[in-house]
Amino acid sequence: MGRAKGTTRLLAGEPQDLGRPFVCRDDESDRGADDALDAAIARGYQEGLTRAQAELAAEVEAFREEVRASLQRISEYEKTFAVQHEARILELTLAVASRIVRERIDAGDELAARALQEALQALPDSTRVKVRLHADDVAPVLDRHRADVDAGRIEIVADDSLSRGGAILESDFGRVDATVETAERHALKAVLGSGETR
């Protein structure tokens, strides 16, 4: 801000001198005033900059707090949503799985024959078993277990009260419900920890 030595400048007087002609001053006599003015401007700039930085930092911190609070609310909502809807989501998942199983049965999957095979493997070979099946499942089961039927180990009875793909086995060791509906109830109970759906 300094000027070359020996130059002059025109300055307005004090506020009470407003409206009067400018006064011409010599640079040499006014150098101290210029230095003081430059220092005051620099100080004012630095103070303004420091104040602006502090205000910006406060605004940034306030924004961060708002973001933290929003994330906390979202997290709490997710937990609440999961707890409130977990049972329903699991029920829907099992319903979809059940529909897939039933579609496979309708498409010719021999689920009943495999279920019977698994149940027979758990029983001693000498055990006689009466097997109740849906009428549409009788032929595939007969084909798969013809030797056991001919040997008298298995008696197959058509039972249209049962849905396709399931079976009920009765023997001296008790009764085994291997129906699709019972499997669904057991799966739901295992998942939810309760026999009751919500």
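The values are calculated or read from the model by the stated rules, or taken from the named source; none is laboratory data. Here the structure is a predicted model, which is why all the values come from computation and not from measurement. Here the Cβ is made from the backbone with ideal geometry for all residues, glycine too, and neighbour counts use every protein chain on show.
Please return the ranges of helices (runs of 4 or more DSSP H) entirely within segment 99-198 where 1 or more residues are at pLDDT below 75 and within 30 Å of VAL83 (Cα to Cα). I'd like the intermediate steps shown before the answer.
Values: elements: 111-121, 135-144, 146-150, 180-192.
Because the criterion is at least 1 residues that are at pLDDT below 75 and within 30 Å of VAL83 (Cα to Cα), the helices (runs of 4 or more DSSP H) in segment 99-198 that meet it are 180-192.
Residue-wise test of (1) of a type in the set (D, E, K, R); (2) within 20 Å of ALA183 (Cα to Cα).
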{"position": "ALA115", "(1), (2)": "no, yes"}
{"position": "THR127", "(1), (2)": "no, no"}
{"position": "LYS130", "(1), (2)": "yes, yes"}
{"position": "ALA147", "(1), (2)": "no, no"}
{"position": "SER163", "(1), (2)": "no, yes"}
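What number of residues in segment 116-135 are basic (Lys, Arg) and touching a His at 6+ places or on another chain (Cβ under 9 Å)?
So the first thing to find is which residues in segment 116-135 are basic (Lys, Arg), and the list is 128, 130, 132.
Next cut, touching a His at 6+ places or on another chain (Cβ under 9 Å) only: none.
Looking only at that region, the number is 0.
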